[in-house]
Amino acid sequence: MRDISLDIKRGNVKVFKEFFETYYPVLCVFAQKYILDSEKCKDIVQEALLSYWQKKDDFDNIHKVKGFLYVFVRNRALNHIRDQKIFKNCKLESDISCDSFFEEELLRQETFLIVRRAVESLPERMRLTVQLTMNGLKNSEIANEISIAEGTVHSLKKKAYAKLRIILKENFYLVWFI
């Protein structure tokens, strides 16, 4: 996988837009682990991504970019909690401000992104079957939802999981952290 941070560093707006579209929802979910106000989370994430664009020359690789974004979002969320004194709308302050909480959530969000990309790479019917399974539907419900036989659902899942094992082979251990 190429390091898109170099394209962004060169001012490639199209690549930044793709990065934005990929990470905006991930960072919003991450921010909501700290505060429950979804609009405030969206504002914080937009501010983080805008700040990255403005400082794009400072980043040599995508890992530094991701680190910057997650730390930026966490710090802004904690500042918001502190400034607004709204502990009723957030997790316990001691829990959310510790490094282990941050690290666990960072790992969870990055793992989710890796798995989501792998699932999105599957052929359409396999992808839909896996997505519905991840949403908690049983084989019979999936069969009804997409108008196929229950045996076909089972077959699609079996093939999809085999493909996912291949796609995720280097990252397979991460699936246990979701």
Fill in the blank from the handout: Env charge @ Thr129, Cβ radius under 14 Å, K,R +1 / D,E -1, value +2
Exercise for the section: Mind ranking 108-115, 120-127 by how tightly packed they are, going by the mean number of other C-beta atoms within 10 angstrom, highest first? Expected result: 108-115, 120-127
Handout entry: Rough spin-label spacing in nm, given labels placed 7 Å along Cα→Cβ, for Ile148 and Lys14
Key = 3.3 nm
Practice task
Compute the convex hull volume of the Cα atoms of the range 16-80, divide it by the residue count, and report the result per residue in Å³ as a whole number.
Solution key: 75 Å³
Completion exercise
Excluding ligands, DNA and RNA, the carbon-plus-sulfur percentage of the accessible area of the range 10-88 with a 1.4 Å probe reads 49 percent
Handout entry: Cα centre as origin, Lys/Arg/Asp/Glu Cβ charges: the range 14-86 dipole, Debye
Key = 160 debye
Exercise for the section: First select every other residue whose beta carbon is under 14 angstrom from the beta carbon of His154; then total the charges, Lys and Arg +1, Asp and Glu -1. Expected result: +3
Exercise for the section: Would you mind checking Lys40/Lys66; Lys33/Lys157; Lys33/Lys55; Lys17/Lys157; Lys9/Lys169; Lys138/Lys159 for any pair whose Cα atoms are more than 22 angstrom apart? Expected result: Lys33/Lys157; Lys33/Lys55; Lys17/Lys157; Lys9/Lys169
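The values are calculated or read from the model by the stated rules, or taken from the named source; none is laboratory data. Note that this is a predicted model, so its numbers are computed, not measured. All Cβ positions, even for glycine, are placed from backbone atoms using ideal geometry, and neighbour counts span all protein chains on display. Note: areas computed on protein heavy atoms with side chains; ligands, DNA, RNA excluded. Shrake-Rupley method; radii C 1.70, N 1.55, O 1.52, S 1.80 Å.
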